[in-house]
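Undergrad: First, the structure itself, so that you have it in front of you.
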């Protein structure tokens, strides 16, 4: 009996993928895409993984992003052998006062939970996705007769080319689920994104040269144990190198232990402002939770005195 050949190993199927699912890719981009699909063991023809080419008509800005569908995320999680989806529906926070063309339902956030089996028990992993962080809200462009070209109007608009306008809850829940899965299995989902996240990813504007530098950076990080945040815990010890996947938990633990010392928390946040900003670039949702915790602890402190002006 002949073994079933994966589509990414079958020459005819590869040609079909090149004509359909990766038609905008050049040869190098297609090779990268197929290699990633093989590593993730996902099927492009089943729409588990996509290749999007941004700025394809501008050689200086052209770049390819590999996007995984939420079904692809679930497939990767299922293969770990210790994944279980939540039995309940996602939960949403809605504020009717926020309803507008930029937010049809008034969504604040979506919360999704997944379960990971570890140390003999099932553990719930929860993630939140905020509308303001992930909704594809962009500058509105209009035709200017004076200059005979398009330019920003100064207003914002919700990109309705996808389903954000029609199914906003579903779209935000997909982001939250992807965040939860990445939080539970950081190694399996490193540098893997669902399409609903891509609008907020800074790498979509990278040039090919910057892509090379990002790859080199990732390789260097892998050699030293993966991406990490360097943080000063103000404990008279050297700066601590905290793996990225552990940083949010350690930071929240530090803040809980320091909740009775708002001045110390404020000093810690100011001392580590660059590290906290770096963490924001990796995980905006957890960074926002840390920011809110800092603000809650330091809320009673007086505002800084205004700077004196020279006579």
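The values are calculated or read from the model by the stated rules, or taken from the named source; none is laboratory data. Everything quoted here is computed from the prediction, not taken from an experiment. Here the Cβ is made from the backbone with ideal geometry for all residues, glycine too, and neighbour counts use every protein chain on show.
Undergrad: When residue 37 is evaluated against the numbered criteria (1) over 30 Å from residue 138 (Cα atoms); (2) exposed (fewer than 13 other Cβ atoms within 10 Å of the Cβ); (3) not assigned by TED's automatic domain parsing to the domain that holds residue 169, which criterion, by number, is the only one it fails?
TA: Every condition holds for residue 37 apart from (2).
Undergrad: Tell me which of these residue 73 doesn't satisfy, since it passes every other one: (1) under 24 Å from residue 159 (Cβ atoms); (2) buried (at least 17 other Cβ atoms within 10 Å of the Cβ); (3) touching a strand residue (DSSP E or B) at 6+ places or on another chain (Cβ under 8 Å); (4) outside the structural domain of residue 138 (by TED's automatic domain parsing).
TA: Checking residue 73 against (1) under 24 Å from residue 159 (Cβ atoms); (2) buried (at least 17 other Cβ atoms within 10 Å of the Cβ); (3) touching a strand residue (DSSP E or B) at 6+ places or on another chain (Cβ under 8 Å); (4) outside the structural domain of residue 138 (by TED's automatic domain parsing), the one that fails is (3).
Undergrad: With the condition kept exactly as written, say whether any residue in segment 237-245 is under 24 Å from residue 110 (Cβ atoms) and either in contact with a helix residue (DSSP H, G or I) (Cβ under 8 Å, 6 or more places away or on another chain) or not assigned by TED's automatic domain parsing to the domain that holds residue 109 (or both).
TA: yes
Undergrad: So in segment 159-187, with the set limited to residues that are modelled with pLDDT of 85 or more and in a loop (DSSP other than H, G, I, E, B), which one is surrounded by the most Cβ atoms within 10 Å (Cβ to Cβ)?
TA: 164
Undergrad: Check 128, 89 and return the single one that is outside the structural domain of residue 47 (by TED's automatic domain parsing), in contact with a helix residue (DSSP H, G or I) (Cβ under 9 Å, 6 or more places away or on another chain) and farther than 28 Å from residue 282 by Cβ.
TA: When all the criteria are applied, what remains is 89.
Undergrad: Out of everything in segment 44-63 that is more than 22 Å from the chain's Cα centre (by Cα) and in a loop (DSSP other than H, G, I, E, B), what residue ends up being surrounded by the most Cβ atoms within 10 Å (Cβ to Cβ)?
TA: In this case the residue turns out to be 56.
Undergrad: Quick check: is even one residue across segment 96-103 surrounded by 13 or more Cβ atoms within 10 Å (Cβ to Cβ), touching a residue at least 12 places away in the same chain (Cβ under 8 Å) and within 17 Å of residue 163 (Cα to Cα)?
TA: yes
Residue-wise test of (1) in contact (Cβ under 8 Å) with a residue 40 or more places away in the chain; (2) within 27 Å of residue 172 (Cα to Cα); (3) in a helix (DSSP H, G or I).
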position: 237; (1), (2), (3): no, no, no
position: 248; (1), (2), (3): yes, yes, yes
position: 260; (1), (2), (3): no, no, no
position: 269; (1), (2), (3): no, no, yes
position: 278; (1), (2), (3): yes, yes, yes
position: 289; (1), (2), (3): yes, yes, yes
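Undergrad: Filter segment 22-34 down to residues that are assigned to a loop (DSSP other than H, G, I, E, B) and in contact with a strand residue (DSSP E or B) (Cβ under 6 Å, 6 or more places away or on another chain) and give me whichever is surrounded by the fewest Cβ atoms within 10 Å (Cβ to Cβ).
TA: Step by step, filter segment 22-34, then rank; the result is 24.
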